[in-house]
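J.: Pasting a structure below so you can have a look.
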Amino acid sequence: MAWAETALTRLREASGRSGGARRVVVELLGEHDCCLSAHEVHEQVRARGARVGIASVYRALEGMDALGLVQRVDLGDGVARFEPVHADDDHHHHLVCDDCGRIEPFADPTLESAIERVADGRGYLVAAHDVVLRGACEDCRQGDSEDDRPAPV
């Protein structure tokens, strides 16, 4: 929960406030290792019994984004997602199933080296990068057996 405490301290210093809604949103994000949309955050905090409005969730996320506490993640579906930015430079990318919407984080040192090599070879200094791999997860591929497919015309 170190990220959550750091985030709450920075938010309190920046705004002078320490609202309960903000705390619930920060603590929830601190428990996840991957990105969540504002609606997913809202649903999960409400499921825990917190009386937090969607507007409060958006304000909390925007405040954290402005302070660099969260990273905004674009997976190409028009929905902004957010995940904590950790001081230890914990960096990952995302696999997205186009069938069921499942999102999985992954890290790959070889991919990171390849990105650095490409950037260096072209004289770029990369400040940030995102990799999103789209396709079908194993569960969806297994459910898409040949028996379920329509016959060719």
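The values are calculated or read from the model by the stated rules, or taken from the named source; none is laboratory data. All figures in this text were calculated on a predicted structure; none of them were measured in a lab. So basically every Cβ, Gly included, is an ideal-geometry build from the backbone, and we count neighbours across all protein chains shown. All accessible areas refer to the heavy atoms of the entire protein, side chains included, with ligands and DNA or RNA removed. Shrake-Rupley method; radii C 1.70, N 1.55, O 1.52, S 1.80 Å.
J.: Relative to the first principal axis of the alpha-carbon coordinates of the chain, what is the inclination of helix 54-66, with its axis defined by its Cα atoms, in degrees from 0 to 90 and to the nearest 10?
T.: Around 90 degrees separate the two axes.
J.: Only bridges with both residues in the chain count here: give the DSSP antiparallel percent, nearest 5.
T.: 75 percent
J.: In addition: Would you mind computing, in nm to one decimal, how far apart the modelled labels at residue 80 and residue 67 are, each placed 7 Å from Cα along Cα→Cβ?
T.: Output for this residue pair reads 1.7 nm.
J.: Let me ask something else about it. Provide the gained length on full extension for the span residue 99 to residue 144, in nm with one decimal, where the gain is 0.36 nm per separating residue minus the Cα-Cα distance.
T.: Details: separation 45, 0.36 × 45 = 16.20 nm, distance 1.03 nm.
Full extension of this stretch gives 15.2 nm more.
J.: Keeping the other protein chains in place, figure out the carbon and sulfur percent of the accessible area of the chain, with a 1.4 Å probe.
T.: Working: 4860 of 9970 Å².
Solvent-exposed carbon and sulfur of the chain make up 49 percent of the total.
J.: How large is the accessible surface per residue of the stretch 29-153, computed with a 1.4 Å probe and reported in Å² as a whole number?
T.: 67 Å²
J.: Quick one: compute the contact order of the chain, relative version, from alpha carbon pairs under 8 angstrom and 6+ residues apart, as a percent.
T.: 18 percent.
J.: State whether the chain is rounded, prolate or oblate according to the following rule on the C-alpha gyration tensor (a ≥ b ≥ c being the square roots of its eigenvalues): a/c under 1.5 gives rounded; otherwise a/b larger than b/c gives prolate, and the remaining case gives oblate. List each step's numbers first, then the result.
T.: On the way: a/c = 2.71, a/b = 1.32, b/c = 2.06.
Oblate shape, in that a/c is at least 1.5 and b/c is the bigger or equal ratio.
J.: Mean residue ellipticity at 222 nm from the helices of the chain, using -39,500 (n - 2.57) per DSSP H segment of n ≥ 4 over the full residue count, to the nearest 500 deg cm²/dmol?
T.: Helix-only estimate at 222 nm: -13500 deg cm²/dmol.
J.: Another question, then. Taking 0.36 nm per residue of sequence separation and subtracting the Cα-Cα distance, how much length would be gained by fully extending the chain between residue 108 and residue 58, in nm to one decimal?
T.: Extending this stretch completely gives an extra 14.9 nm.
J.: Which shape class, rounded, prolate or oblate, goes with the stretch 39-120 when its Cα gyration tensor gives a ≥ b ≥ c as root eigenvalues, a/c under 1.5 marks rounded, and past that a/b bigger than b/c marks prolate?
T.: Prolate.
J.: Could you tally the net charge around residue 45, taking each other residue with its Cβ under 14 Å from the Cβ of residue 45, Lys/Arg +1 and Asp/Glu -1?
T.: +2
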